[in-house]
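The values are calculated or read from the model by the stated rules, or taken from the named source; none is laboratory data. All values reported here derive from a predicted model rather than from experimental measurement. Virtual Cβ from ideal backbone geometry, glycine too; neighbours counted across all protein chains shown.
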Amino acid sequence: MKVLFDETTIQKRVAELAHDIEACYEGRPFTLLVILKGAFVFAADLFRRIRSPLVRVEFLRIASYRGTVSSGTVILPPPEELARFAARDVLIVEDIVDTGLTLSALVDALRGTGVSSVRVCSFLEKTEIHQGRVKIDFLGFSVPNHFIVGYGLDCDEKHRNLPYLALYEET
Ligand code: 5GP
């Protein structure tokens, strides 16, 4: 598989994102809302780089992909599960924004629960496809329209453990 971003490049970018995020919240409490499973590796690195004692972390399971093809349906948690974010400053942490469907559905649902604010940090974005449908406040890298694996991103649960990002090739 072709390496897109190596470990050193990724870690440098994650440190920059953590710095920008801290500056944005200016010492106020905020909650990283990590979208499972794909964002957990990125989020773990990001979380450890944020020095604010007021940062918290929560997790949500959302999936719209099967293999390398989007199922087209976003399955969100029930409103009761989202209610715990009411009145909080929430920073959604996503692995990759492709069509933006997953993210826009989640942002709308969170707004409906009365969060204080909702921002988005996505490690990757397929700019060509997404075309700005959802505002990404903190972005790691733009990537080509190709299926990506590694650094938490899988193909049928494989390759999540690669420490780098790669363009997926069937073997
Ligand atoms: P969207 O709703 O933006 O089309 O899809 C977002 C979700 O689809 C991501 O959170 C991720 O789980 C999955 N996804 C989209 N593109 C890729 C990709 O290139 N590689 C992997 N592994 N997952 C992807």
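So here's what we get for this one:
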| quantity | calculated |
| --- | --- |
| Tally, over region 105-128, of residues that are free of Cβ contacts under 8 Å to residues at least 24 places away in the same chain and either within 16 Å of the ligand (Cβ to nearest atom) or among the small types (Gly, Ala, Ser) (or both) | 3 |
| Residue satisfying all of: in region 129-156; out of contact with any strand residue (DSSP E or B) (no Cβ under 9 Å at 6 or more places or on another chain) and more than 10 Å from the ligand (Cβ to nearest atom); nearest to Val107 (Cα to Cα) among these | Gly132 |
| Hits in region 82-104 - residues which are in contact (Cβ under 8 Å) with a residue 60 or more places away in the chain, under 11 Å from Phe123 (Cα atoms) and of a type in the set (Asp, Glu) | Asp95 |
| Boolean, Ile21 is β-branched (Val, Ile, Thr), closer than 14 Å to Arg119 by Cα and in a strand (DSSP E or B) | no |
| Selection count where residues are under 15 Å from the mean Cα position of the chain (by Cα), more than 22 Å from Gln11 (Cα to Cα), surrounded by 19 or more Cβ atoms within 10 Å (Cβ to Cβ) and not hydroxyl-bearing (Ser, Thr, Tyr), scope region 99-154 | 7 |
| For Thr102: the one exception among (1) of a type in the set (Val, Ile, Thr); (2) under 25 Å from Arg28 (Cβ atoms); (3) within 12 Å of the ligand (Cβ to nearest atom) | (2) |
| Residue match in region 24-44 (condition: touching a residue at least 24 places away in the same chain (Cβ under 8 Å) and over 26 Å from Glu81 (Cα atoms)) | yes |
| Unmet requirement for Lys2, which otherwise passes all of (1) near the ligand (Cβ under 10 Å from one of its atoms); (2) loosely packed, with under 13 Cβ neighbours inside 10 Å | (1) |
| Residue match in region 155-164 (condition: buried (at least 18 other Cβ atoms within 10 Å of the Cβ) and closer than 26 Å to Thr31 by Cα) | no |
| Residue in region 6-17 that is in a strand (DSSP E or B), touching a helix residue (DSSP H, G or I) at 6+ places or on another chain (Cβ under 8 Å), away from the ligand (no atom under 15 Å from the Cβ) and at pLDDT 95 or above present | no |
| Count of residues meeting criterion [over 11 Å from the mean Cα position of the chain (by Cα), crowded, with 18+ Cβ neighbours inside 10 Å and not in a strand (DSSP E or B)] in region 25-44 | 0 |
